[in-house]
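Here's a structure for you.
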Amino acid sequence: MISLGGLWLCLWCGPWRRWGMVGIVAGFAAMGLTRPPDILIADGGRFVAARAPDGHYFVSADKGEKIVRSFFASETGEALAAWPASGSAAESGLDCAGELCVYTARGRRVAIATGDAALPIKCGGLDAIVSQVPAGFRCRSMMPVIDRIDSWRRGSVALWLDPDDVTVESANESRGDRPWVPHPRPARRPASAGGPDSR
């Protein structure tokens, strides 16, 4: 809307050219009304961010995730802090015990696993699971489960927590099925010797 409003201002010469300002103002207003995600997992699970009550994000990421960290900070406009230590639930919204944290916001509870030691995760009392490692299929029929394999297949995945629902959106799905959108598939296993495909 901002771009269309700017073009309208530039292309017309009459008094109606001022209507382009409406598009520009509406575009900026829409940006202000957009709510950043509560949880994001990106780069094949190597980057996870959870939003704190004051708006900034706690980040669990590999040391090589400087570019992803920089892009995320510029997109949200929020400060990024190190993943909280155990026992800091009151100030961060994350109650962590080892490699398993429970994130609470708007009456929803999401388990965030940062390592294999957090698995398996009990499904009861949770509304979603986000994991930096493969989380298996145990809870997938009951709630959204996003792990590093999902992030590899779907691109960055964001979660918004609301009192009545958990909204999940991914980068690849929002861009649609286009030639430039990656849709990675697992490599085929070679046919075993003596199998039907070995002739």
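Based on what the data block shows, is Val48 touching a Lys or Arg at 6+ places or on another chain (Cβ under 7 Å) and open to solvent by less than 60 Å² (accessible area, probe 1.4 Å)?
Details: touching a Lys or Arg at 6+ places or on another chain (Cβ under 7 Å): no; open to solvent by less than 60 Å² (accessible area, probe 1.4 Å): yes.
In short, no.
Taking the criterion of being closer than 24 Å to Arg69 by Cα and open to solvent by less than 10 Å² (accessible area, probe 1.4 Å), would at least one residue in region 130-142 satisfy it?
Kept after step one, since they are closer than 24 Å to Arg69 by Cα, are these residues of region 130-142: 130-135.
Checking which are open to solvent by less than 10 Å² (accessible area, probe 1.4 Å) leaves us with 130-131.
Within region 130-142, one or more residues are closer than 24 Å to Arg69 by Cα and open to solvent by less than 10 Å² (accessible area, probe 1.4 Å).
May I pose another question? Does region 55-72 include one or more residues that are touching a Pro at 6+ places or on another chain (Cβ under 7 Å) and assigned to a loop (DSSP other than H, G, I, E, B)?
Our first condition is that a residue be touching a Pro at 6+ places or on another chain (Cβ under 7 Å); within region 55-72, this holds for 58.
Add one more test, that the residue is assigned to a loop (DSSP other than H, G, I, E, B), and what stays is none.
Checked region 55-72: no residue is touching a Pro at 6+ places or on another chain (Cβ under 7 Å) and assigned to a loop (DSSP other than H, G, I, E, B).
Okay, moving on. Sort out which residues of region 106-129 are over 17 Å from Ile41 (Cα atoms) and surrounded by 15 or more Cβ atoms within 10 Å (Cβ to Cβ), and write them in order of number. Break it down stepwise before answering.
Here is the first cut: in region 106-129, the ones over 17 Å from Ile41 (Cα atoms) are 106-108, 117, 119-126.
Selection gives Arg108, Leu119, Ile121, Cys123, Leu126.
The values are calculated or read from the model by the stated rules, or taken from the named source; none is laboratory data. Please read these numbers as outputs of a predicted model, since none were measured by experiment. Using ideal geometry, Cβ is built from the backbone for each residue, glycine included, and neighbour counts are taken over all protein chains shown. Remember, those area values only see protein heavy atoms, side chains included, never the ligands or the DNA or RNA. Shrake-Rupley method; radii C 1.70, N 1.55, O 1.52, S 1.80 Å.
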